[in-house]
Amino acid sequence: MVEPVLSKGNNCLDAAKACNLNDTCKRFRSAYITPCTSSTSNEICNKRKCHKALRLFFDKVPPKHSYGMLFCSCRDVACTERRRQTIVPVCSYEDREKPNCLNLQESCKKNYICRSRLADFFTNCQPESRSVSSCLKENYADCLLAYSGLIGTVMTPNYIDSNSLSVAPWCDCSNSGNDIDECQKFLNFFQDNICLKNAIQAFGNGTDVNVWQPILPVQTTTATTTTASRLKNTGSETINNEIPSHNDSPACANLQMCLLHIFSTVKGSANLMV
């Protein structure tokens, strides 16, 4: 089922056009398209270079443009397929075989970038059925930032098809043995994450699930830095990559206030780094 939208036309195509009109977005988009589409003698592409370029894109391009292509709202398959193709999945996402998700998680833990960003995702996209936003932290902005931070790592997620907002890393739970429940829990955190789905839909539609009690946004490390600078604070060996079950207080009650803060912060950082 394709998610509802408020506007007509292909929003993902419009977002790509807007990217091309922005010097920073156009520059870093071209920088990942090249390695992600250039085949080598034995491989479809150089996945390592593709991943590095994707990380630079999402670290340095203002979310207004990078999120615009990744989280655009759609009303037809042509649009959703363009959205799915944003990260050039044939190179950055897919592989000859799907590894077991728990094995992929172990590989992620061995790399400090992937480990810290996966921990961010578990923390900031934690669903909560009793919350009106379906997010434990009721902070869509932090969830989207954490999700996009995984792109360009071995845990790179993407939309699993062109018919829904379900996402997953390139893995499955075959050959899990006695760990099948743990593996399925890990995979479902991506595929059936209502917090993430609501965050994507709210951004794509330009709407705010503005039904909780408004409070002044509290600055958090994740919400006020780019994913690049965030690594300096989360590269500790003690980072926990287990799916959390704790109860945190809301960090930001208004999506558009959060996103406005992120846009201005990340844009400023990007301009300094370019």
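The values are calculated or read from the model by the stated rules, or taken from the named source; none is laboratory data. Just so it is clear, the model here is predicted, and its values are computed rather than measured. Here the Cβ positions follow ideal geometry from the backbone for every residue, glycine too, while neighbour counts run over all protein chains shown. Only protein heavy atoms, including side chains, enter the accessible area calculation; ligands, DNA and RNA are left aside. Shrake-Rupley method; radii C 1.70, N 1.55, O 1.52, S 1.80 Å.
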* **Per residue value of the accessible surface for the range 75-216 (all protein chains in place, 1.4 Å probe), Å²** => 41 Å²
* **Within the accessible area of the range 1-92 (1.4 Å probe), percent carbon and sulfur** => 54 percent
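Which order do the peptides 63-70, 87-94, 139-146, 106-113 take when ranked by the mean count of other beta-carbon atoms within 10 Å per residue, highest first?
Packing order, densest peptide first, comes out as 139-146, 63-70, 87-94, 106-113.
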* To do: Could you rank 172, 179 by how accessible they are, 1.4 Å probe, largest area first?
  => 179, 172
* To do: With no solvent and one equal point scatterer per Cα, compute the Debye intensity ratio I(q)/I(0) for the range 66-176 at 0.12 Å⁻¹ and report its log10, rounded to two decimals.
  => -0.45
* Asked: How would you rank 11-24, 119-132, highest first, on the average number of other Cβ atoms within 10 Å across their residues?
  -> 119-132, 11-24
* With every protein chain left in place, what is the accessible area of residue 49 in Å² (1.4 Å probe, nearest 10)? -> 110 Å²
